[in-house]
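Below is one structure, written out as structure tokens, with a few remarks after it.
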Amino acid sequence: MCSSKKGVSALQLQRELGLRSYESAWFLAHRIRMAMEEMHMLSGTVEVDETYVGGKGSSKTRYQRQTPVVALVSREENKVHSRPVENTKRNTLHQVIYQQVDTDSRIVTDEWHSYKGIHRYYAGGHATVNHGQGEYSRGDIHINHAESYFALLKRGVHGTFHHISRKHTGRYCAEFSFRWCRRKINDSQRTESVIEQVHGKRLTYDELVNKP
């Protein structure tokens, strides 16, 4: 889980570790993902973007069944924080940004209307790129890092996990964010890093299965 860019399925863990049940491997994977959870207060130029992951269904229903996820990427710090959100409305996205980004920063987003007004709270202001008009970069105004992160997350969901529920999306986001933040170190160093973060984090099977 610390080395595979697209993650490792519970079935693969079950085979490689010789576990008797799929449930044991699935539980183990989520306990490791919980150890990967961390909060970054980001600064500098911070790209913010949102997407939808997980779920199944036709194109008409996919946004109802999928989970909205927001990602914030600090270019200078090479850090990302991503999390599922209830919706992509203005109050929701603004609250996530307030919680994760230092007020001395500059915010960069696409033209989604929910980001309007965020400039009032950040010394560096708010710059936008207009995807709807075919604009993907204007000098250093772009959200390419955030989009690259989402591309990796989605390849993992579709190619490795196939389907993830809204209930557990936060831990999958933590896993991909953890690896992305440490993409420039080797596998052993990433493994040591997650072991260091295990202390104080406990997840029971009952909480995993029954907690809303």
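The values are calculated or read from the model by the stated rules, or taken from the named source; none is laboratory data. This structure is a prediction, so every number in the text was calculated from the model and none was measured. All Cβ positions, glycine included, derive from the backbone under ideal geometry; neighbour counts span all protein chains shown. These accessible areas exclude ligands, DNA and RNA; they are computed on the full protein's heavy atoms, side chains included. Shrake-Rupley method; radii C 1.70, N 1.55, O 1.52, S 1.80 Å.
Observations
- Subset of region 66-115 (residues that are closer than 28 Å to LYS184 by Cβ and basic (Lys, Arg)): ARG75, LYS79, ARG83, ARG106
- Qualifying residue in region 146-157 (condition: modelled with pLDDT of 95 or more, of a type in the set (S, T, N, Q) and under 22 Å from ASP102 (Cβ atoms)): no
Conditions tested, residue by residue: (1) of a type in the set (S, T, N, Q); (2) in contact with a Lys or Arg (Cβ under 6 Å, 6 or more places away or on another chain).
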{"site": "TYR115", "(1), (2)": "no, no"}
{"site": "ARG120", "(1), (2)": "no, no"}
{"site": "GLY124", "(1), (2)": "no, yes"}
{"site": "ARG138", "(1), (2)": "no, no"}
{"site": "THR169", "(1), (2)": "yes, no"}
{"site": "SER177", "(1), (2)": "yes, no"}
{"site": "ILE185", "(1), (2)": "no, no"}
{"site": "ASP206", "(1), (2)": "no, no"}
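- Restricting region 97-113 to residues that are over 16 Å from VAL80 (Cβ atoms) and not basic (Lys, Arg), the residue that is farthest from the chain's Cα centre (by Cα) is ASP104.
- Some residue of region 93-102 being more than 26 Å from ARG179 (Cα to Cα) and either in contact with a His (Cβ under 8 Å, 6 or more places away or on another chain) or free of Cβ contacts under 8 Å to residues at least 40 places away in the same chain (or both): no
- Counting the residues of region 109-123 that are acidic (Asp, Glu) and either in contact with an Asp or Glu (Cβ under 8 Å, 6 or more places away or on another chain) or open to solvent by 90 Å² or more (accessible area, probe 1.4 Å) (or both) gives 1.
- Filtered residue count, region 61-92, keeping only those that are open to solvent by less than 40 Å² (accessible area, probe 1.4 Å) and without any contact (Cβ under 8 Å) to a residue 60 or more places away in the chain: 8
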